[in-house]
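**Student:** I have a structure I would like to understand better, so I am pasting it below and will then ask my questions one at a time.
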Amino acid sequence: METSRLVLAIEALLLLFALIAASLPGRANRAAAAPWLLAAAAGVVYAGMRYRASWPMTPMFAGSVLHPPLLAVLGALSLRGSDPQNDPGGAPVARRWLIAFGLAATLAGVFFPKDFYLPMIKTTSPYAHGALLFGSLARACLFVAGAWGCAALRGHDAMPRVFRWMVWGFGFWTLSLFSGEMWSYTGWGVPMVWEDASTLTAIGTWLFYVGVIHLYLGGLSSRRTRAAMSVLGAVLILALNGGPDMGPFVDPLAVAGGAR
């Protein structure tokens, strides 16, 4: 337990170094690539350790910290599609926010961890793992959309990327909710428990993106408003979908001191 917590703290520290490097002027900000890649590797190690410790149960508590390594991979893919000639400043802005969103999610796991399992039958269902993994992919995609939304608010040509990643995130979120519903039906023969905080906030966020996507498709708002909504969505994910996984404040130094 303590060792995996130390790995998570290392991931957060590497993301902090990456954010500092990404804020440097000129081409010096490209130095963020190395610590960002190392942070993603640490995130994969952390996720593997927690999955191994809880298998065949799903590590539901990891919902807030599984997506930062996915965010690094998907964010890097989104940056490869940027146009440095016609829009030279958009990619650096998006890179900074990609790292910042990943850092915020990781710090939530470092300082406010909460381990919980559902003590019921069928928690080993593949649908349970699908709900967690699709949800993590969805959050990563929507954070990418939010990062490019920040670039769009700075005047860069990023709206096509915002919408593309938002659609991917919405699709994965829908699959996550469907997997959760199938998990509930196959396990207990009833729909999801709506009183559960994780379920309510997941549905609330999904409905928020239903509205935002309609703003895009219907042309019902300005470009700036649509970009702001994508950024607001990323903030809502951090606040609403991280909250149910978070527990009381924990001193990471004490955890690291007792690591084995």
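Every number in this text was worked out from the coordinates using simple rules, so none of it is lab data. These figures come from a predicted structure and were not determined experimentally. Because the Cβ atoms are built from the backbone with ideal geometry, glycine has one as well, and the counts that use them run over all protein chains shown.
**Student:** Multiply the residue separation of M182 and A34 by 0.36 nm, subtract the distance between their alpha-carbon atoms, and state the gained length in nm to one decimal.
**Tutor:** Numbers: separation 148, 0.36 × 148 = 53.28 nm, distance 4.01 nm.
The M182-A34 span can extend by a further 49.3 nm.
**Student:** A further question on this structure: For the residues R224, R80, what sequence is obtained by ranking on other C-beta atoms within 10 Å, fewest first?
**Tutor:** With the sparsest Cβ surroundings first, the list reads R80, R224.
**Student:** Now for a separate question. Using 7 Å Cα-to-Cβ label points, what is the S23/T225 separation (nm, one decimal)?
**Tutor:** So the label points at S23 and T225 sit 3.3 nm apart.
**Student:** Using only helices, what value at 222 nm comes out for the chain when you add -39,500 (n - 2.57) per DSSP H run of length 4 or more and divide by the total residues, to the nearest 500 deg cm²/dmol? Walk me through the numbers before you get to the answer.
**Tutor:** Numbers: 9 runs with 179 residues, N = 260.
That calculation yields -23500 deg cm²/dmol at 222 nm.
**Student:** Then there's this: With Kirkwood's inverse mean 1/r over C-alpha pairs for Rh, give me the Rg to Rh ratio of region 2-257, two decimals please.
**Tutor:** Rg/Rh for region 2-257 comes to 0.98.
**Student:** Tell me the relative contact order for the chain as a rounded percent, counting alpha carbon contacts under 8 Å between residues six or more apart. Kindly include the intermediate steps, with their values, before the conclusion.
**Tutor:** Numbers: 396 pairs, mean separation 62.6, N = 260.
Answer for the chain is 24 percent.
**Student:** Can you sort V45, V212, V162, V235 by how many other beta carbons sit within 10 Å, fewest first?
**Tutor:** Fewest-to-most Cβ neighbours within 10 Å comes out as V235, V45, V212, V162.
**Student:** What does the highest-first list of 182-191, 214-223, 137-146 look like by mean Cβ count within 10 Å?
**Tutor:** 137-146, 182-191, 214-223
**Student:** Given Cβ point charges of +1 (Lys, Arg) and -1 (Asp, Glu) and nothing else, what value in debye, to the nearest 20, does the dipole of the chain about its Cα centre take?
**Tutor:** 640 debye
**Student:** Where the centre of each part is set by its Cα atoms, how far does region 164-236 sit from region 1-54, in angstrom?
**Tutor:** 27 Å
**Student:** Let me ask you something else. Report ³J(HN,Hα) in whole Hz for each residue of region 44-49, in order, from the Karplus equation J = 6.51 cos²θ - 1.76 cosθ + 1.60 where θ = phi - 60°; Gly and Pro get x.
**Tutor:** Along region 44-49, the couplings run 5, 4, 4, 4, x, 5 Hz.
**Student:** Among T225, T58, T106, rank each residue by its count of other Cβ atoms within 10 Å, from fewest to most, as a rough exposure measure. Spell out each step's value before the answer.
**Tutor:** On the way: T225 11, T58 24, T106 28.
The order, fewest Cβ neighbours first, is T225, T58, T106.
**Student:** Still on this structure, I have one more. Projected onto the charge dipole of the chain (+1 at Lys/Arg Cβ, -1 at Asp/Glu Cβ, origin at the Cα centre), which of F111, P92, G149 gives the Cα projection farthest towards the positive end?
**Tutor:** Positive-end residue among those listed: P92.
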